[in-house]
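Novice: Here you go, one structure.
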Amino acid sequence: MNVKIVFRLGEERMPASAEVTFSLSEGAGMIPGKVIEPSGWDCKKEGDDIPALQCSSTAVDPGALEFRLGVTRSDPNKETTMTYIFSGSGMTSTTFVNTF
């Protein structure tokens with residue numbers, strides 16, 4: 001399954017650096033090689049046994065914050081929950097939760 005997440009920042013929120021952490025519920029994982037991050041971002045898996053991905057940037061373009069992730073589920077009939085947290089210099093962290 002392919003997942004697209006787009007963040008939109010208000011004009012007052014232009015962080016010099018930012019981080020995004022994506023995590024999945026039990027039974028789901030990120031597909032290696034299927035992550036497409038915006039230019040200037042670097043994404044790394046936090047650990048082999050943890051279904052999470054951490055991305056960071058020191059060159060944030062607020063108009064280009066689209067992430068594409070490949071997600072695999074052990075049981076395609078079960079719901080999967082993705083939690084993602086966006087944080088940046090000079091701004092409060094924001095948590096999003098999506099179930100699919």
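Novice: Roll a 1.4 Å probe over the protein chains and send me the accessible area per residue for the chain in Å².
Specialist: So the chain comes to 61 Å² accessible per residue, rounded to a whole number.
Novice: Pulled fully out, how much extra length does the chain show between S17 and R73, if you take 0.36 nm times their separation in residues and subtract their Cα-Cα distance?
Specialist: Going from the current span to full extension adds 17.0 nm.
Novice: Compare P51, P32, P15 in a GNM of the chain, Cα atoms joined below 10 Å, and give the one with the largest fluctuation.
Specialist: Answer for the Gaussian network model of the chain: P32.
Novice: Another question, then. Rank these residues by their accessible area, most exposed first, probe 1.4 Å: S17, S57.
Specialist: S17, S57
Novice: What net charge is computed for the residues neighbouring G70, neighbours being all others with C-beta under 12 Å from the C-beta of G70, Lys and Arg scored +1, Asp and Glu -1?
Specialist: That sum, taken over residues with Cβ under 12 Å, equals +4.
Novice: Of the listed values [x] 14.5; [y] 19.0; [z] 14.0, identify the label whose number matches Kirkwood radius over Cα pairs in Å calculated from this model.
Specialist: Given [x] 14.5; [y] 19.0; [z] 14.0, the structure-derived one carries the label [z].
Novice: Taking the Cα centre of the chain as the origin, how large is its charge dipole in debye, to the nearest 20, when only Lys and Arg (+1) and Asp and Glu (-1) carry charge on their Cβ atoms?
Specialist: Roughly 220 debye for the chain.
Novice: What percent do you get for the relative contact order of the chain when only Cα pairs under 8 Å and 6+ apart count?
Specialist: Across the chain, relative contact order equals 39 percent.
The values are calculated or read from the model by the stated rules, or taken from the named source; none is laboratory data. Model, not experiment: these values are computed from the prediction. Don't worry about glycine lacking a Cβ; one is built from the backbone with ideal geometry, like all the others, and counts go over all protein chains shown. SASA here: full protein model, heavy atoms, side chains in, ligands and nucleic acids out. Shrake-Rupley method; radii C 1.70, N 1.55, O 1.52, S 1.80 Å.
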